[in-house]
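Below: one structure, written as structure tokens.
No value in this document is a laboratory result; all are computed from the given coordinates. Keep in mind that what you see is a predicted model, and the values were worked out from it rather than measured. Glycine also receives a Cβ, built like all others from the backbone with ideal geometry; neighbour counts cover every protein chain displayed.
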Amino acid sequence: MITYTVRVANSTGAVIGWVPDFESCRYVIRGDGGGGAMELVISTAHSDWFNPQNVDYRLTVWRSINNQPALLEGSTEFLTVGWKITNTKINVTALSLQSLLQRRIIAYFAGLADYSKFTTKYAGNIMKVLVRTNCTSAFAANRDGVDTYVPMANLTVNGDANDGAQLSIGCSRNNLFDTITMVSQSSMQSGTWIVGQITSNGDAWLFDTYPQYFGQDRRGQSVLSLSNRNVEQVELTYDRTKEYTSAIAAGAGIESARIIGTNFSTEITASPYNRKEMFYTNPQLTTQAQVNAAALTLTRANRATFSFSAALIQTPQFVRGVDYNVGDILTVEFNGTQYTTRLDIIDVSITALEVVERAELRLV
């Protein structure tokens, strides 16, 4: 038996209350560096929790398996960003901790070494430096604007680990989340998987980088298959509708003196016609290494997607949170072929009638 309870805390982490009797709860947890979300429907008895003064209330889902102590779902919290109150219920919308990165820009002038410009640095170190210098007290005095409220009091950043591929980028005044995603994708295109993610232990928040996988490598231990009766409604998707296999990135300069970088994905040879071109311009890119890295990032971000989705079935031999979880490397068996996949996303929908879990997995 698996039970779910939602905890509500204020923005400083003080617990306001617990909601075991919600009408419905749907949430998405991710291990790929993307942003998750929650939709919660509860009784109007809790309407005093939701008013314009209660900003960034923190919602967490706690999951108990067979009456064991409840564990925090997804190592994340969801920050309330909106709600609608009727005479019978409250519909609450909240975003995962990754949304904190979307709230900041890299507020340093172009070309500032190790703040808005990085030359041959490890991807993981770049991501951590960007979070430190835009979200914590490690910001520099020449950050744009007044520095009041820059540090996020509950957030710390783990130490550099020299992980990921070595990259060169320029990112002045770009969105922090978008830049971290770009750095992650650039490293992956270079052959080294890595993501940067904010996690919670139910109290404090930590930004860290995860090379290879966010969870555990469970290939050979846990196999998702119809024959094992732990999945159903399996879909294997090959989607090339938004694919670009050739990227041209233009940096500083004009006409023939403009710095140009080009990158091809390995899929360009999939057919004689599969050269699909795109063009990107960013005058902040002032070196050949930077435009090359930008072109590489674009082909990674716009690659074809080969993915699985499936409804997860909890069995005594296959329980999420015990035998596998989000971010793990898993083996999927489908149509007589075994695939090595990464469990990137779990979408959980809970009502009084049933719990439905759907998973999205990417081929490794």
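Considering only SER309, SER64, SER116, the Gaussian network model of the chain with Cα springs below 10 Å gives its largest mean-square fluctuation to SER64.
Dividing the mean sequence gap of close Cα pairs (under 8 Å, 6+ apart) by how many residues the chain holds gives a relative contact order of 16 percent.
Hey, can you rank 100-107, 262-269 by average C-beta count inside 10 Å, highest first? Don't skip to the answer; put the middle values down first.
Values: 100-107: 19.1, 262-269: 15.9.
The packing order, highest mean first, is 100-107, 262-269.
Under the criterion of Cα pairs below 8 Å and six or more residues apart, the relative contact order for the stretch 275-364 equals 26 percent. Can you tell me how the stretch 101-211 classifies by the Cα gyration tensor, rounded, prolate or oblate, using a/c under 1.5 as the rounded cut? Taking the square roots of the gyration eigenvalues as a ≥ b ≥ c, the stretch 101-211 is oblate.
Looking at the chain as a GNM with Cα springs under 10 Å, which of TYR339, TYR115, TYR273 has the largest mean-square fluctuation? In the Gaussian network model the winner is TYR273.
Label sites at THR241 and ASN54, each approximated as a point 7 angstrom past Cα along Cα to Cβ, lie 4.0 nm apart.
Full-extension gain between THR305 and LEU353, please, as 0.36 nm times their residue separation minus the C-alpha to C-alpha distance. Walk me through the numbers before you get to the answer.
Numbers: separation 48, 0.36 × 48 = 17.28 nm, distance 3.39 nm.
Gain on extension, THR305 to LEU353, equals 13.9 nm.
Calculated mean residue ellipticity, 222 nm, the chain: -4000 deg cm²/dmol, from DSSP H runs (n ≥ 4) at -39500 (n - 2.57) each, averaged per residue and rounded to 500.
So if I take the centroid of the Cα atoms in the stretch 309-364 and the same for the stretch 64-79, what is the distance between those two points in Å? About 17 Å separates the Cα centre of the stretch 309-364 from the one of the stretch 64-79.
Kindly identify the chain as rounded, prolate or oblate by the Cα gyration tensor criterion: order the square roots of the eigenvalues as a ≥ b ≥ c, call it rounded if a/c is under 1.5, otherwise compare a/b with b/c, prolate if a/b is larger, else oblate. Let's see the in-between values first.
Details: a/c = 2.13, a/b = 1.27, b/c = 1.68.
Verdict is oblate for the chain.
For LYS84 and ILE254, what is the calculated FRET efficiency with R₀ set at 41 Å and r taken between the beta-carbons, to the nearest 0.05?
Values: r = 52 Å, r/R0 = 1.26.
Computed FRET efficiency for LYS84 and ILE254: 0.20.
With contacts taken as Cα pairs under 8 Å at a separation of at least 6 residues, the stretch 246-303 carries a relative contact order of 47 percent.
Using a ≥ b ≥ c from the Cα gyration tensor of the stretch 21-105 (square roots of the eigenvalues), is it rounded, prolate or oblate, where a/c under 1.5 gives rounded and otherwise the larger of a/b and b/c decides, a/b for prolate? Don't jump to the answer; show the numbers that get you there.
Numbers: a/c = 2.16, a/b = 1.10, b/c = 1.96.
Oblate shape, in that a/c is at least 1.5 and b/c is the bigger or equal ratio.
The label point for TRP18 and the one for GLN221, both projected 7 Å from the Cα toward the Cβ, are 2.9 nm apart.
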